[in-house]
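The values are calculated or read from the model by the stated rules, or taken from the named source; none is laboratory data. Note that the structure is a prediction, hence the values are computed from the model and not measured. Methodologically, a virtual Cβ is constructed for each residue, glycine included, from the backbone with ideal geometry; neighbour enumeration extends over all protein chains shown. Remember, those area values only see protein heavy atoms, side chains included, never the ligands or the DNA or RNA. Shrake-Rupley method; radii C 1.70, N 1.55, O 1.52, S 1.80 Å.
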Amino acid sequence: GTWYEPGMGASCGANASNPNTVAISAHLYSNYSCATVGEFVEPEANDTGPLYGTVKDICYACGDDDIALDPKFFAQFAPLSSGPINITWWFV
C-alpha cells in the first residue's frame, strides 16, 4: 500500500476528498467497476487495530492487488516518508 493525494475520485459520483479515502488498482476497478465505489475496506499493517476506509478512487500506479490511501489515513499506519508498506486488506 501507498498514499496519494485524492482528487475528483473515480466515476460513479465518488468524491475522493473525504477522510479515509482508498484508491484500488485499475485492475480491480476494471473487474468490478462501479460496484466497488463506496465499498468499505479494512486495511491492516503493523498490528494496527481495525481501521476502515471507503473506495472512492482508482490507483493507476498500483499493482493488481495494491491500494493507495489518503495521506491522513496512511499516516495511521506509517509515516508518509516510509514509502510503500505491506498492507493486508479486504472488502468488508
Report summary line: Per the helix-only model, the chain has a calculated mean residue ellipticity at 222 nm (DSSP H runs of ≥4, -39500 (n - 2.57) each, divided over all residues, rounded to the nearest 500) of -2500 deg cm²/dmol
Report task. Give, as ranges by residue number, the residues of segment 53-92 whose backbone N falls under 14 Å from the point 7 Å along Cα→Cβ of Glu44. Result -> 87-92
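Considering the convex hull of the alpha carbon atoms of the chain, report its projected area averaged over all viewing directions, in nm², one decimal. Please report the intermediate quantities before stating the final value.
Working: hull surface 20.4 nm².
Taking the Cα atoms of the chain, their convex hull projects to 5.1 nm² on average.
Calculate how many DSSP beta bridges within the chain are antiparallel, expressed in % of all such bridges and rounded to the nearest 5. It would help to have the intermediate numbers written out before the result.
On the way: 9 of 16 bridges.
Looking only at bridges with both residues in the chain, the antiparallel portion is about 55 percent.
Pulled fully out, how much extra length does the chain show between Ser82 and Asp64, if you take 0.36 nm times their separation in residues and subtract their Cα-Cα distance?
Working: separation 18, 0.36 × 18 = 6.48 nm, distance 2.11 nm.
Here the segment from Ser82 to Asp64 would lengthen by 4.4 nm.
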**Report entry** Portion, in percent, of the accessible area of the chain that falls on carbon or sulfur, probe 1.4 Å
**Finding:** 53
Requested in this report: For every other residue with a beta carbon closer than 12 angstrom to the beta carbon of Thr54, add +1 if it is Lys or Arg and -1 if Asp or Glu, then tell me the sum.
Outcome: -3
Query raised in the report: Any idea of the accessible area per residue across the chain, 1.4 Å probe, to the nearest Å²?
Result: 54
Report summary line: Accessible-area order for Thr2, Thr88, largest to smallest, probe 1.4 angstrom, reads Thr88, Thr2
